[in-house]
Ligand SMILES: [Cu+2]
């Protein structure tokens, strides 16, 4: 027979094990419900669709920012004119066999899009201006987010006859 001093520790041990199981099951249920609750409470959709198109998950919010693609081939940019909303992302994909360098008008200063200038290339603002600021090799991409409303002409700085327009609306 087990004495009092043997039974009590065994009971305590069983109660602790039971408590751990209950807590971990409860914790699992809470964590499982958490992802459903988060999107409803977040006030503004984050611009998460700019970096990757491989997630395979469609953005559920109707006014989410969109990513548009412009292809560059031996025939130039396609589509030549593209309408986007402010906040949208445009990706220029180099499908040609030569380098491309998309940049805002006018050649060679690239100052038409607000804040842009070829003189800022290489500086701290280089990633925020409408200017690839260097050659984009075949199969490469240049990405820019349009925040300014207007009709913005651009060109391939390495082959000025190739150009296009991005029309940005509210
Ligand atoms: Cu240029």
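The base-10 log of I(q)/I(0) for the stretch 85-132, evaluated at q = 0.18, 0.23, 0.25, 0.33 Å⁻¹, reads -0.61, -0.91, -1.00, -1.20 [Debye formula, identical scatterers on Cα atoms, solvent excluded].
Considering Cα pairs under 8 angstrom that are at least six residues apart, work out the relative contact order of the stretch 74-170 and quote it in whole percent.
Relative CO of the stretch 74-170 lands at 41 percent.
Rounded, prolate or oblate for the stretch 113-170? Axes are the square roots of the Cα gyration tensor eigenvalues, ordered a ≥ b ≥ c, and the cut-off for rounded is a/c under 1.5. Oblate shape, in that a/c is at least 1.5 and b/c is the bigger or equal ratio.
Over all distinct Cα-Cα pairs of the stretch 67-169, the Kirkwood formula returns a hydrodynamic radius of 13.2 Å.
Coordinate-derived values only; no laboratory data. Remember, it's a predicted structure, so these values are computed and weren't measured experimentally.
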